[in-house]
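Please read the structure below before turning to the comments.
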C-alpha cells in the first residue's frame, strides 16, 4: 500500500469516527451490497449489535463503528 493510500485510509477512518453507529442500510450502501449480505457478514464475524427490540421482535439494529472498521480491515486485500 502506498503512503497516499494509507493517508486516505486514515482520513476516511477519522471521518467515520464522528459517527458512532451505523444502521444496516447505511452499511449496505457503504459496502455496496444488499442488506441480506450485511446481516450474513455480521453473523459470520459474530459481531455484537445494539438492538433495543424485545426478544423475538423485529427492531432496528445499530452496529458500532469499531465493529465496522474491524470487519473492513479483515476484508482488505492487495489487488494483484
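The values are calculated or read from the model by the stated rules, or taken from the named source; none is laboratory data. Bear in mind the structure is a predicted one, so any value in this text is a computation, not a measurement. Cβ atoms come from the backbone with ideal geometry, glycine included; neighbour counts cover every protein chain shown.
Could you tell me how many of the residues in the range 32-60 are under 14 Å from residue 20 (Cα atoms) and more than 12 Å from the chain's Cα centre (by Cα)?
1
Residue check: is residue 47 under 30 Å from residue 80 (Cα atoms), surrounded by 10 or more Cβ atoms within 10 Å (Cβ to Cβ) and modelled with pLDDT of 95 or more? Show your work before the answer.
On the way: under 30 Å from residue 80 (Cα atoms): yes; surrounded by 10 or more Cβ atoms within 10 Å (Cβ to Cβ): yes; modelled with pLDDT of 95 or more: no.
Against the criterion (under 30 Å from residue 80 (Cα atoms), surrounded by 10 or more Cβ atoms within 10 Å (Cβ to Cβ) and modelled with pLDDT of 95 or more), residue 47 does not qualify.
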